[in-house]
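The values are calculated or read from the model by the stated rules, or taken from the named source; none is laboratory data. Worth saying up front: this structure is predicted, and the values here are computed from it rather than measured. Note that we place each Cβ from the backbone using ideal geometry, even for glycine, and neighbour counts take in every protein chain shown.
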Amino acid sequence: MPSENAKICLSFLPRTIQELWNSLKKCQEADIIELRLDILGNVDFFKIKRAVDKKLIVTIRIPEEDGFWKDCSVPRYDVFQKAINAGIDYVDVEWQKSAEILPKLKFLPGTSLILSYHTEENCFDVLEKIAQQMIKIEAHIYKFIYTARTLHDNIIMLKLADIFNKARKKFIIHAMGEEGVLSRLIGAVRGNIFTYVSLAGGHQTAAGQLSLQEAREYYYLHEKTTETKIVGLLGYPVKQSKGWRLHNRMLHEKRKKVNQIADFLYVNFPAKDFEEFWKEWRQCIEGLSVTIPYKETIIPVIEHTTSSLQNSGVCNTVVKKGNSWWGYNTDALAIRDLLKPHTGMLSGGILIYGTGATARSSIAAMKELNIEPIYVTGRNEKRGRLLQEWYKVKYISQKDLINHHFDGIIQTTPIGMFPDVSKVPPITNILTGVKLVFDVVYNPPQTRFLKMAEKEGCQIISGEEMFLCQAINQFELFSGIRTSLREVKEVWEKIC
């Protein structure tokens, strides 16, 4: 039996009664509503309860709890008690003030306690001791919020979840701050009773909070369960990537048509250090897309390599099968498939600009298609010479390109990628007479270099086409289901 779908709690902090009621009208897609009453204080809880058909949480935070409550004339516990008397489903009380507030509250059968803790601390040993102390106070849900300052601080969420699970306690655990967004996402599929989100348009009640739209329409958290696999993009930087949008939306669309499909949540892993990432995260994830600078770095930790990886020496996809990791190069497969219909026009040779991982993927693809001769050029002559030695291709220095003719060019560097869209590789002077130009940059869909090639009469292949073709293979590896280029293009058009 699949576990229950993740729940979404919409949190908002109204400043006026009118804003309160306007916000309540926008809560239809949430499962639970948190009313942060730091500013309004006492409201007509009976009226709200009658008007809203969802579970309600009442929360009031003082400045030392990162809130705004300053009304000394009305004790917080008095507002909490009025909420309890009206049958509000939950009141949220800060653990550090619980000894002061809880004895003054008389709980009725319709209301439960959320015991909260918020801290700027991120040392697990310290947080573990506090969690053990919190558990000693009886509550319906334990909300434990720490602060993330690095990617790896998000792992603390899973370690704390183990503590509450062993104690058989319901919990909500995540990290504050922009670095803690990942903890909210993995928390949604690793046991959090619900995930706090905000209304769109800068209405966050905490730093790093997702909007309701992001939670439902970008990550589809309401469709996820504790059986959902965690996969994602490993690299640095990865902020510019739209792969997470594509894969999550593709899965959402495919699950409407296919019942038997492995569920996953695709997230970004902006890791500055590979070894640290692999040590911290390898047990928590089931698959990765791999981008710069780790397409070669990851290979030594893979137990099983496929032909696409072996032929190129590059890995851009890993998938866990049982307890072993398998490595693939879906870039090479995509380049091969895109060039295959054009092999007849490339008998005069093809030039690869660049000497990095994508250049190696391109060489492997052309070797498989028996395209010869293959030339390589780039700024890094030493690496170009190594490619010549390793793959038996021909290296040409950039200054000598003008003396050669090529039927095709593959541009494999990030030159021209957003935001530097005006830049072009230093090979525009050899476009005349070239039949086919392929640029691997997919953002923008058509680079300035491709536009120049098209004006010269060259047939062009965009990086967007490559990106979508390799995504088909990655999606199948993550989900177990094949999708078509048409389906992927339809999804891509919806998210761009």
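Some observations on this one:
- Candidate set: the stretch 238-266, residues that are hydrophobic (A, V, I, L, M, F, W, C) and assigned to a loop (DSSP other than H, G, I, E, B); chosen: the one nearest to the chain's Cα centre (by Cα): Val238
- Tabulated pairs, the stretch 66-87, first closer than 29 Å to Gly177 by Cα and free of Cβ contacts under 8 Å to residues at least 60 places away in the same chain, second basic (Lys, Arg) and exposed (fewer than 14 other Cβ atoms within 10 Å of the Cβ), C-beta under 6 angstrom, 6+ apart or interchain: Tyr77/Lys104
- In the stretch 161-218, the residue that is nearest to Pro237 (Cα to Cα) out of those that are touching a helix residue (DSSP H, G or I) at 6+ places or on another chain (Cβ under 8 Å) and charged (D, E, K, R) is Glu179.
- Tabulated pairs, the stretch 147-164, first not assigned by TED's automatic domain parsing to the domain that holds Thr119, second part of a helix (DSSP H, G or I) and surrounded by 21 or more Cβ atoms within 10 Å (Cβ to Cβ), C-beta under 8 angstrom, 6+ apart or interchain: none
- Only residues that are touching a residue at least 60 places away in the same chain (Cβ under 8 Å) and under 13 Å from the mean Cα position of the chain (by Cα) were counted across the stretch 269-295, and they come to 5.
- Residue within the stretch 397-404 that is assigned to a loop (DSSP other than H, G, I, E, B), in contact (Cβ under 8 Å) with a residue 12 or more places away in the chain and either in the same structural domain as Gly348 (by TED's automatic domain parsing) or hydroxyl-bearing (Ser, Thr, Tyr) (or both) present: yes
- Count - residues of the stretch 185-203 that are over 12 Å from Lys224 (Cα atoms) and touching a residue at least 12 places away in the same chain (Cβ under 8 Å): 7
- Any chance Phe475 is under 30 Å from Gly287 (Cα atoms), assigned by TED's automatic domain parsing to the domain that holds Thr358, touching a helix residue (DSSP H, G or I) at 6+ places or on another chain (Cβ under 8 Å) and buried (at least 18 other Cβ atoms within 10 Å of the Cβ): no
- Residue in the stretch 42-70 that is modelled with the highest pLDDT, counting only those that are over 37 Å from the mean Cα position of the chain (by Cα) and surrounded by 15 or more Cβ atoms within 10 Å (Cβ to Cβ): Phe45
- Taken over the stretch 155-190, the residue count meeting the criterion of being over 21 Å from Thr59 (Cβ atoms) and out of contact with any Gly (no Cβ under 6 Å at 6 or more places or on another chain) is 16.
- Scanning the stretch 192-231 for residues that are more than 27 Å from His118 (Cβ to Cβ) and not in a loop (DSSP other than H, G, I, E, B) gives Glu217, Glu223, Lys229, Val231.
Listed here are the residues, each with its yes/no results for (1) surrounded by fewer than 24 Cβ atoms within 10 Å (Cβ to Cβ); (2) modelled with pLDDT of 95 or more.
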position: Ile155; (1), (2): yes, yes
position: Leu158; (1), (2): yes, yes
position: Asp162; (1), (2): yes, yes
position: Arg168; (1), (2): yes, yes
position: Gly187; (1), (2): no, yes
position: Ile193; (1), (2): yes, yes
position: His203; (1), (2): yes, no
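- Test: residue in the stretch 418-429 that is assigned by TED's automatic domain parsing to the domain that holds Leu339, of a type in the set (Asp, Glu), surrounded by fewer than 20 Cβ atoms within 10 Å (Cβ to Cβ) and out of contact with any Pro (no Cβ under 6 Å at 6 or more places or on another chain): yes
- Here Ser289 meets the list (1) in the same structural domain as Asn248 (by TED's automatic domain parsing); (2) assigned to a helix (DSSP H, G or I) almost entirely, failing just condition (2).
- Residue match in the stretch 296-303 (condition: under 30 Å from Leu436 (Cα atoms), of a type outside the set (Asp, Glu) and in contact (Cβ under 8 Å) with a residue 24 or more places away in the chain): no
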